[in-house]
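One structure is given below, encoded as structure tokens.
The values are calculated or read from the model by the stated rules, or taken from the named source; none is laboratory data. All figures in this text were calculated on a predicted structure; none of them were measured in a lab. Every residue, glycine among them, receives a Cβ derived from its backbone with ideal geometry; neighbour counts consider all protein chains shown. With ligands, DNA and RNA removed, areas are computed over all heavy atoms of the protein, side chains included. Shrake-Rupley method; radii C 1.70, N 1.55, O 1.52, S 1.80 Å.
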Amino acid sequence: MNLKEHIQQHKNEFDSEEMSTKSKVLFKEKLQKELHSVKKTKVVYRRFIAVAASIVLVFSVILWNQDSEVSVKTAEVLNYLEDASAGKRLEGVYKFDEEFKNEDSKIIETLLKILHKDENANVKIATVDALLKFPSNDNVRTNLITALENEKTPLVQIKIIKSLSYLRENRAQNTLEEIINNEETFPIVKSNATLAMNQLKQ
Amino acid sequence: MNQKEVIQKCKQNDYSAQIEVYNSYKNLLYNSCFRILQRREDAEDMVQDAFIKGFQKVGQVKDDVNLAAWFRRIAINLCFDKLRKDKNIFLLDDSIEIEVGFIDTDFDKAEEFSVDIIKECINKLKEKYRVILVLYLIEDYNHREISEILKINESTVRNQYARGKGQLIELLQKHTNNEFKRTHTAT
């Protein structure tokens, strides 16, 4: 007879050990604790979870609807801002109105890109107006200063200078000083820069 | 109460039915756990955990399931989870050794040995061989089932079983020789 057959024939003798007497008491305690005593708490807990989940679901649906409306408008504005035609871009900047109460990072980024790179002065000027809707956004403020450093068109320069003065942006003083001291600067730009400088120093 | 009724009651989280199941199978599970873990306290803990886990999951089984085998399987799995956690055994898969190959030794004189001697010799084996022999010879699992429980290749199981069995036979034969010497020295 082989080993397995022999062992299986005497299987009962292999199962002769018995659990200690105290183990039954311990098991009853454990069973009560794990599967019986917590029943009420579990039900209350599950109900609480169910109510909380329903509330979250309702709010999610509302927020999702709001988000989807905003995102459609954002996409529309972005389409205009990225159009090849200056007229369309201008239209896009003006579409960026009161409906956009929350800062939309994608639109702000596009506006800042226009501020630095657009070839059309009117579009740039309208863009500065649009950016002024976010006076506490530091990214907007620092980009206005950088734009002023690089800007060569007098009308745009004046618009940015006035905006920085309106924003009481003291970090613009060095740039204003350079514009004032630059011999190539148009006199009208110089006088606006000097006025802004005086206002900032007050 | 027949087994089907007991299962249905357990599915309803009936305390009396759960205690009835515990009383019926606790020693069966305990022996299986003790053979694997070799420590009375650990084996008792595993039995209790197995019943609790089983009662939590009993809703997933059919009413005609073999309850004893089902609980025993849970208990054995818990034992190996513990062994893996405590000792990190079975992490090394030496199935590559199968190429060298261990031939499953034929042994047809098992009836010459008492259960106690076989138990004693199995317990002397290295743990990695002992647990596989226990599962195969005593718990009556096949190699594939053992590989699933131990989470190692089936070929590794076969290899380790052959090695373990070889060592067990050596121990049994050594025991016979010692008995023979002892008897002859006494006379």
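Does A:Y166 meet the test of being more than 21 Å from the chain's Cα centre (by Cα), open to solvent by 10 Å² or more (accessible area, probe 1.4 Å), touching a residue at least 24 places away in the same chain (Cβ under 8 Å) and over 26 Å from A:E184 (Cα atoms)?
no
So is B:I89 at negative phi, of a type outside the set (D, E), over 13 Å from the mean Cα position of the chain (by Cα) and modelled with pLDDT under 55 or not?
No: the conditions fail for B:I89.
Are any residues in the range B:4-14 in a helix (DSSP H, G or I) and open to solvent by less than 70 Å² (accessible area, probe 1.4 Å), and if so, which ones?
B:V6, B:I7, B:C10
Looking at B:V61, B:V47, B:V6 in this structure, which one is at the interface with chain A (Cβ under 10 Å from one of its Cβ atoms) and β-branched (V, I, T)? Don't jump to the end; show me each part of the working.
On the way: B:V61 fails: at the interface with chain A (Cβ under 10 Å from one of its Cβ atoms); B:V6 fails: at the interface with chain A (Cβ under 10 Å from one of its Cβ atoms).
After ruling out the rest, the residue left standing is B:V47.
Give me the helices (runs of 4 or more DSSP H) completely within the range B:115-182, filtered to those with at least 2 residues that are within 11 Å of chain A (Cβ to nearest Cβ) and within 18 Å of A:N2 (Cα to Cα), ordered by residue number.
B:115-124
Please list, ordered by residue number, the helices (runs of 4 or more DSSP H) wholly in the range A:1-51 having 3 or more residues that are farther than 30 Å from B:A110 by Cα and modelled with pLDDT of 90 or more.
A:22-31
How many residues does the range A:169-193 contain that are open to solvent by less than 70 Å² (accessible area, probe 1.4 Å) and more than 22 Å from A:A121 (Cα to Cα)?
Matching residues across the range A:169-193 total 2.
It is to be established whether one or more residues within the range B:161-173 are at pLDDT 90 or above, under 26 Å from B:W70 (Cα atoms) and of a type outside the set (A, V, I, L, M, F, W, C).
The answer is yes; a qualifying residue exists.
Between a residue in the range B:154-177 that is more than 16 Å from B:R130 (Cβ to Cβ) and any residue that is open to solvent by 70 Å² or more (accessible area, probe 1.4 Å) and among the hydrophobic types (A, V, I, L, M, F, W, C), which pairs come within a Cβ distance under 6 Å, given they are 6 or more apart or on different chains?
Listed by first residue and then by second, the contacts come to B:S155/B:I98.
Using the structure shown, decide if B:K53 is at pLDDT 95 or above, of a type in the set (K, R) and either touching a Gly at 6+ places or on another chain (Cβ under 8 Å) or under 26 Å from B:L150 (Cα atoms) (or both).
Considered against the rule, which asks whether it is at pLDDT 95 or above, of a type in the set (K, R) and either touching a Gly at 6+ places or on another chain (Cβ under 8 Å) or under 26 Å from B:L150 (Cα atoms) (or both), B:K53 comes out as yes.
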